[in-house]
Each structure stands twice: as C-alpha cells, then as structure tokens.
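J.: If you scroll down you'll find the structure; I have some questions about it.
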Amino acid sequence: MNAVLPRFLKLTYRKEPLISILITMGVMDALIGGLNDSWSLFAFGLGTTGIALAFKLWRLQQRRSLPEEPVVQHYLPSRSSSPPLPMLSVSKKKPPL
C-alpha cells in the first residue's frame, strides 16, 4: 500500500497537474475550514473540489468521444503492378576446380 499510493499520486499529477492542484487545494481548504469552524472556507473548499472533479469528468468524456480506431495509412499498394519475377533454378553442375 505504501508503494502504490506515491506512484498513483505521481502519475495523477503528471497527467493532469492543474486538476490535481485544484483538488488538493479544495480538500485542504475544506479540511482547514471544517476543523476551525470556518464554514465559508469549508464551502469554498468543497466547491473548488467539486468543480475540479466535474472538469476532470468532462475531460474524460471528451477523450472517449474520439475515435478509438486509428486510421491505417498504407504507403505501398497491397499488390504490385509489375508481374512477379521468375523463379531461379540452381544448376547441379560442379564448379570448376
């Protein structure tokens, strides 16, 4: 568990740094506001976290709407326009010594 959490956090911060920072700020504001009985700070933290999560979900839906199959681009035709080369036969003669 100890090794999994830092790896997950690093991947999350590298993929979407803005969303991760907003979520962290919102959670910290909500935590500080809840512990100090500052309900405006608590509400601001919850709002910031909610907006960041909504933005993250919106971005995930944007990514899924893209076509998943990449377009295959062929640089050569599937068949050659020239006729195939004839097969070479190997002569059974012994080479000169």
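The values are calculated or read from the model by the stated rules, or taken from the named source; none is laboratory data. Remember, it's a predicted structure, so these values are computed and weren't measured experimentally. Virtual Cβ from ideal backbone geometry, glycine too; neighbours counted across all protein chains shown. These accessible areas exclude ligands, DNA and RNA; they are computed on the full protein's heavy atoms, side chains included. Shrake-Rupley method; radii C 1.70, N 1.55, O 1.52, S 1.80 Å.
J.: Give me the orientation-averaged projected area of the Cα convex hull of region 24-79, in nm², one decimal.
T.: Average projection, Cα convex hull of region 24-79: 5.3 nm².
J.: Would you give the gap between the C-alpha center of region 41-57 and the C-alpha center of region 17-33, rounded to a whole Å?
T.: That distance is 8 Å.
J.: Ok, one more. If each DSSP helix of 4+ residues adds -39,500 (n - 2.57) and the sum is divided by the residues in the chain, what number results at 222 nm, nearest 500 deg cm²/dmol?
T.: The per-residue figure over the chain is -20000 deg cm²/dmol.
J.: Further question on the same structure: If you filter the chain for trypsin sites (Lys or Arg not before Pro), then keep DSSP loop positions with at most 14 other Cβ within 10 Å, what is left?
T.: Those that pass, being in a loop and sparsely packed, are R79, K92, K93.
J.: Roll a 1.4 angstrom probe over the protein heavy atoms and tell me the percent of accessible area of the chain that is carbon or sulfur.
T.: With neighbouring chains kept in place, the figure for the chain is 67 percent.
J.: Rounded to the nearest whole Å², what accessible area per residue is found for region 1-66 with the 1.4 Å probe?
T.: Here the per-residue accessible area is 80 Å².
J.: Quantify how much of the Cα-Cα distance distribution of the chain extends past 24 Å, in percent.
T.: That tail contains 60 percent of the Cα-Cα pairs.
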